[in-house]
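Written below as structure tokens is the structure these notes are about.
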Amino acid sequence: MTGPRRHDRLDRTATPGPHNSLHHWPSVKHPLRLVVNFLAVWTLRYSPSLALKRWLLRRLGATVGEGVSLALTATPDVFWPELLTIEDHAVVGYDATLLCHEFLRDEYRTGEVVVGEGAMIGAGAIVLPGVEIGHDAKVGANAVVTADVPPETTVVGAPAEPVGEDGTDSTL
């Protein structure tokens, strides 16, 4: 994938005072909006119905394609679900997390997460804000995706790095 890197695509908002940025969350999102988001995300995490999961995500503002599958306990971003796009027939594995925000000490950052058509995200993987996962890409279980994943590429590890078809490092 070409174009800007993840960090270049993030919106940064400085937060005032001596507290870290998470301390200021009520000024960022209305508490009632966060409660609604949380209840919807909690419901879709534990619902066995893929249709209900897709419907709830769309109601939260996410762009969700046809045939998208989210496994049990897969967690989309609670604060900014509207920054999430999951394209047709993508699979998000058990306990995977798709983050569209980062609360840091002096700022918070938001960025779109795009999961391409037919992409697969393994169990327990974490995708950070601003990341684009290309079509038919594969993210291994427990990977931490800190950079874009090109189409038809498999990444594993923390941070996630490409591997060859046989599971070996593709740079060797």
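In a Gaussian network model over the chain where Cα atoms closer than 10 Å are linked, find which of His19, His135, His89 has the largest mean-square fluctuation.
Judging by the Gaussian network model, the answer is His19.
About the Cα centre of region 17-77, how large is the charge dipole given +1 on each Lys and Arg Cβ and -1 on each Asp and Glu Cβ? Please answer in debye to the nearest 20.
On the way: 7 positive and 2 negative charges, 27 e Å.
Here the size comes out at about 120 debye.
Name the most mobile residue of Asp77, Asp88, Asp11, meaning the one with the largest mean-square fluctuation, in a Gaussian network model of the chain with Cα contacts below 10 Å.
Checking each option, the largest mean-square fluctuation is seen for Asp11.
Under a 1.4 Å probe, what is the accessible area of the chain per residue, stated in Å²? Please report the intermediate quantities before stating the final value.
Working: 8850 Å² over 172 residues.
Ligands and nucleic acids excluded, the figure is 51 Å² per residue.
Which percent of Cα-Cα pairs in region 14-72 sits in each 5 Å bin, short to long?
4, 17, 21, 17, 12, 12, 10, 5, 2, 0
With a bin width of 10 angstrom, please list the P(r) values of region 90-172 as percents of all Cα-Cα pairs, from the 0 bin to the one holding the largest distance.
21, 53, 21, 5, 0
What do you get for Rg/Rh over the chain if you use C-alpha atoms and the Kirkwood form of Rh? Can you show the working numbers first?
Numbers: Rg = 16.0 Å, Rh = 16.3 Å.
Expressed as Rg/Rh, it is 0.98.
Just the ratio, please: alpha-carbon radius of gyration of region 97-137 over 2.2 N^0.38 Å, N its number of residues. Walk me through the numbers on the way to the answer.
Working: Rg = 11.6 Å, N = 41, 2.2 N^0.38 = 9.0 Å.
Its radius of gyration relative to the 2.2 N^0.38 Å reference: 1.28.
Work out the charge dipole of the chain with +1 on the Cβ of Lys and Arg and -1 on the Cβ of Asp and Glu about the Cα centre, then indicate which of Pro150, His135, Gly65 is farthest towards its positive end.
Selected residue: Gly65.
On the Cα set of region 43-118, report Rg and Dmax in Å, please.
My reading of the Cα-based Rg and Dmax gives 12.2, 40 Å.
Nearest-5 percent of antiparallel DSSP beta bridges in the chain?
Values: 11 of 33 bridges.
Restricted to the chain, the bridges split so that about 35 percent are antiparallel.
State the antiparallel share, in %, of DSSP beta bridges confined to region 64-162, rounding to the nearest 5. Don't skip to the end; give the middle numbers.
Working: 5 of 26 bridges.
In region 64-162, DSSP labels about 20 percent of beta bridges as antiparallel.
Within region 55-136, what whole-number % of the accessible surface is contributed by carbon and sulfur, with the 1.4 Å probe and all protein chains included in the calculation? Mind dumping the intermediate values first?
Values: 1580 of 3080 Å².
Accessible surface attributable to carbon and sulfur in region 55-136 totals 52 percent.
Is there a quick way to get the dipole size of the chain? I mean about its Cα centre, with the Cβ of Lys and Arg at +1 and of Asp and Glu at -1; what is the value in debye to the nearest 20? Could the numbers behind the result be given before it?
Details: 14 positive and 21 negative charges, 185 e Å.
Rounded to the nearest 20 debye, it is 880 debye.
Could you grab the relative contact order for the chain? Cα pairs under 8 Å, six or more apart, rounded to a whole percent. Provide the component values of the computation, followed by the final result.
Numbers: 435 pairs, mean separation 31.1, N = 172.
Relative contact order for the chain comes out at 18 percent.
Using alpha carbon centroids, what distance separates region 69-92 and region 13-55, in Å?
If you average the Cα positions of each part, the centres end up 14 Å apart.
The values are calculated or read from the model by the stated rules, or taken from the named source; none is laboratory data. Just so it is clear, the structure is predicted and the values come from calculations on it, not from any experiment. Note that we place each Cβ from the backbone using ideal geometry, even for glycine, and neighbour counts take in every protein chain shown. What goes into the accessible areas is simple: the full protein's heavy atoms, side chains included, and nothing from ligands, DNA or RNA. Shrake-Rupley method; radii C 1.70, N 1.55, O 1.52, S 1.80 Å.
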